[in-house]
Amino acid sequence: MLNIVIFGAPGSGKGTQSEKIIAGYGLNHISTGDVLRSEISRQTDLGKVADSYISKGQLVPDQLIIDILESVLDGQKDSKGVIFDGFPRTTPQAIALKEMLEKRGTGISAVIALEVDEAELIERLLERGKISGRSDDNLETIQKRLDVYRNQTSPLIDYYKSKDLYNGILGMGTIEEIFNRIKQVIDKL
Ligand code: AP5
Ligand code: MG
């Protein structure tokens, strides 16, 4: 199986590039943010809990998201591989992902990290906020999300470097230019 973690700060292009990877390589896509937003729009109990964190730019609790991921993975048993978008975001999540994949006889093939300047991240998210309807695409919450990324998620860079899985990619330029850089990594796997 080809299992790819697409990693990066809010607005770095994880969702955009995941779509290109799905089209190019026939992988399944798991975006924990999309799963949570779908629960919110259906006003489920889980959605109500998730909304109270997302709208403040905070991470939902690890165990909640790990349980969700486990059940999504169970629904995708025959896949060629999975793109993990927005997961893991903390060290406990990274350890849980490793264990979940090992239990299924597989592992992470590569972590592809989109590296983008903070000024550009803010500009992209403010621009998207004009039309997205996302409760977290406003300046105050964007800044909170970037803080959370720096404090809770960026330690995973060293974690994955130490496991020799980390591939940093320049995440600026056109969508096509960035996808070409990603293809160079995937085609070597
Ligand atoms: P999530 O949905 O994962 O959001 P995020 O990480 O904040 O990132 P975004 O989805 O905003 O950005 P992206 O990197 O996908 O970029 P995109 O392609 O959209 O998480 C949301 C929340 O859910 C979290 O804050 C948390 O509360 C919760 N959550 C989710 N997962 C969790 C987990 N594992 N644990 C705990 N909580 C979790 O691009 C952004 C914009 O830029 C778009 O408008 C796009 O069109 C544009 N763009 C893309 N590429 C380019 C380019 N090359 N040039 C110019 N513009 C571009
Ligand atoms: Mg996204």
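Values in this text are rule-based calculations from the coordinates and carry no lab data. In this text, all values refer to a predicted model and were calculated from it rather than measured experimentally. Cβ atoms come from the backbone with ideal geometry, glycine included; neighbour counts cover every protein chain shown.
Figures for the structure shown
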{"item": "Charge dipole magnitude, Cβ of K and R +1, D and E -1 - the chain, Cα centre, debye nearest 20", "result": "220 debye"}
{"item": "Cα Rg, Dmax (largest Cα-Cα span) when computed across the chain, Å", "result": "15.8, 43"}
{"item": "Proxy reagent accessibility, fewest Cβ within 10 Å first, across ARG104, ARG145", "result": "ARG104, ARG145"}
{"item": "Kirkwood-based shape ratio for region 102-165, expressed as Rg/Rh from alpha carbons", "result": "1.10"}
{"item": "Over the chain, relative contact order from alpha-carbon pairs under 8 Å, at least 6 apart, %", "result": "34 percent"}
